[in-house]
Amino acid sequence: MATGLTILHIDTERGWRGGQRQVFWLCKELHALGHRSLLAARPDGVLAQRAAARGIEIVPCEPRFQFDPFTAAALRRRMRQDSVDIIHAHTGYTVAQAALAKRGTTAHMVISRRVDIQLRSNPATRWKYAAADRFIAISGAVAQSLTRSGIDSALIDIIPSGIDLSRRILPASSTRLAQLGVPHDAQLIVQVGQLVPAKDPLTFVRAIDIVRRVNPRVFGLLVGGGPLHGAVRAEISALDASGHVAAPGHCTDPDELLAAADVCTLTSQQEGLGSVLLDALSLGKPIVATAVGGIPETVPHDVCGLLADVHDHAQIAAHLATLLGDESTAVRMSRAARERSLQYSVAVTARRTAEVYQRLVGLPGT
């Protein structure tokens, strides 16, 4: 095995979303490869607490604003103390802290990019992204957004997010589903995601409303909270669909609810990759999603799922009806989903990320 590296990861989100879960898994897998990970995070955040419980070293990091010089100085001192080889910014907010902290050190800087949105065109953004030595895009769509922003494509590695395939996830019990309003004999459609414009949850509600008119056993569960929660509930009420759609808000058991689904969906109008779809693949769930951003890379149409145009609730409803009414197609896509999930093992993600680090410092790969 090549000489182990010391990596300082930075992620100051307090919540526990797909990106934070990726950082957590990456740190664990890098350790298995012989590398040391330090995690700069907010001590009161879910990521820091879960990482600390698994023995990952936490560096308290609570910047008051993006270019906070005092936080950057503290990170720089820690980098020198621990001879950090790589500083890895995992969110757009932390790029500035990484760029400031690396000044005056020998560390190389890596940025992970998870959204297919072009970078802002202003001096501050150009300065902080110019400090990076490499970029990791989670999909080809994200890589294209970086190149459209002026980033040299030669500096970009495409490494999809990964999932922990060793997890054993049991479907939510009938009691739990009943608590959420799901009838015992329902054909269950589950979408996990924040209720924000980018995820377009209203399209989900409208699609379920169409399907339930021809299939009264259909029930749609929209798992997640966000600013559109009120609008979603208002739409459910306006369509008189409360017996077929529920939006319970944030749930602590999204994986178990996905595991209980007959079909999983993602109705995004903007998506870097769709990390929740990786969970659906690993659970062997056929998928209906929008053909946007990195989703077609994750879920090829008519292989492990069916894709629709953005905002096209009628097309999404038709795809749902197909999967719920054609058992042979659903079984074929379920098998294909499990097979495809093997490409997204977090162990592979970590190995490829470590290879990026090693090339930067001039070490051979593992």
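The values are calculated or read from the model by the stated rules, or taken from the named source; none is laboratory data. On a predicted model such as this, the values are computed, not experimentally measured, just so you know. Every residue, glycine as well, gets a Cβ built from its backbone with ideal geometry; the counts of neighbours run over all protein chains shown. Protein only, heavy atoms only, side chains kept; ligands, DNA and RNA dropped before computing areas. Shrake-Rupley method; radii C 1.70, N 1.55, O 1.52, S 1.80 Å.
Report every pair of residues separated by at least 6 positions or lying on different chains whose Cβ atoms are under 9 Å apart, first residue within segment 166-181 and β-branched (V, I, T), second open to solvent by 60 Å² or more (accessible area, probe 1.4 Å).
If the second residue must be open to solvent by 60 Å² or more (accessible area, probe 1.4 Å), the pairs left are I169/E256.
Hey, L306 hits all of (1) buried (at least 18 other Cβ atoms within 10 Å of the Cβ); (2) in contact with a helix residue (DSSP H, G or I) (Cβ under 8 Å, 6 or more places away or on another chain); (3) assigned to a helix (DSSP H, G or I) but one; which does it fall short on?
Status for L306: all satisfied but (3).
Quick one: count up the residues across segment 206-262 that are within 21 Å of the chain's Cα centre (by Cα), open to solvent by 40 Å² or more (accessible area, probe 1.4 Å) and more than 21 Å from I169 (Cβ to Cβ).
3
Taking the condition of being farther than 19 Å from V115 by Cβ, in contact with a helix residue (DSSP H, G or I) (Cβ under 7 Å, 6 or more places away or on another chain) and not hydrophobic (A, V, I, L, M, F, W, C), how many residues in segment 1-56 meet it?
Result for segment 1-56: 6.
Being in a loop (DSSP other than H, G, I, E, B) and open to solvent by less than 60 Å² (accessible area, probe 1.4 Å) is the filter; apply it to segment 186-201 and report the residue that is farthest from G272 (Cα to Cα).
A186
Each row is one residue, and each column tells you yes or no for (1) out of contact with any strand residue (DSSP E or B) (no Cβ under 9 Å at 6 or more places or on another chain); (2) on the phi > 0 side of the Ramachandran plot; (3) in a strand (DSSP E or B).
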site: V182; (1), (2), (3): no, no, no
site: R206; (1), (2), (3): yes, no, no
site: R213; (1), (2), (3): yes, no, no
site: L222; (1), (2), (3): no, no, yes
site: D255; (1), (2), (3): no, no, no
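Suppose we keep only residues that are out of contact with any helix residue (DSSP H, G or I) (no Cβ under 6 Å at 6 or more places or on another chain), part of a helix (DSSP H, G or I) and of a type outside the set (D, E, K, R) within segment 141-153. Which one would you say is most open to solvent (accessible area, probe 1.4 Å)? Don't jump to the end; show me each part of the working.
First, pick out the residues of segment 141-153 that are out of contact with any helix residue (DSSP H, G or I) (no Cβ under 6 Å at 6 or more places or on another chain): 141-146, 148-152.
Right, trim to part of a helix (DSSP H, G or I) and you get 141-146, 148.
Filter once more, so that each one left must be of a type outside the set (D, E, K, R): 141-146.
Numbers: A141: 16, V142: 0, A143: 12, Q144: 107, S145: 1, L146: 2 Å².
Taking the candidates together, the pick is Q144.
Out of the strands (runs of 3 or more DSSP E) lying entirely within segment 33-135, which hold 3 or more residues that are open to solvent by less than 50 Å² (accessible area, probe 1.4 Å)?
36-41, 86-89, 108-113
With in contact with a Ser or Thr (Cβ under 7 Å, 6 or more places away or on another chain) and over 24 Å from E29 (Cβ atoms) as the only criterion, which of R103, R76, R64, R126 stands out?
Going through R103, R76, R64, R126 in turn, the sole match is R76.
Answer yes or no: is there a residue in segment 163-185 that is buried (at least 23 other Cβ atoms within 10 Å of the Cβ) and under 30 Å from G243 (Cβ atoms).
yes
Being under 25 Å from L324 (Cα atoms) and over 25 Å from the mean Cα position of the chain (by Cα) is the requirement here; does Q191 meet it?
no
If you go through segment 316-326 one residue at a time, how many are buried (at least 18 other Cβ atoms within 10 Å of the Cβ) and out of contact with any Pro (no Cβ under 6 Å at 6 or more places or on another chain)?
Final tally of qualifying residues: 5.
Output the residues belonging to segment 291-303 that are open to solvent by 10 Å² or more (accessible area, probe 1.4 Å) and either closer than 17 Å to L188 by Cα or not hydrophobic (A, V, I, L, M, F, W, C) (or both).
Correct list: G293, P296, E297, P300, H301, D302.
Rundown of residues vs (1) surrounded by 15 or more Cβ atoms within 10 Å (Cβ to Cβ); (2) aromatic (F, W, Y), yes/no style:
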{"site": "G284", "(1), (2)": "yes, no"}
{"site": "A314", "(1), (2)": "no, no"}
{"site": "S328", "(1), (2)": "no, no"}
{"site": "S334", "(1), (2)": "yes, no"}
{"site": "Y357", "(1), (2)": "yes, yes"}
{"site": "L363", "(1), (2)": "yes, no"}
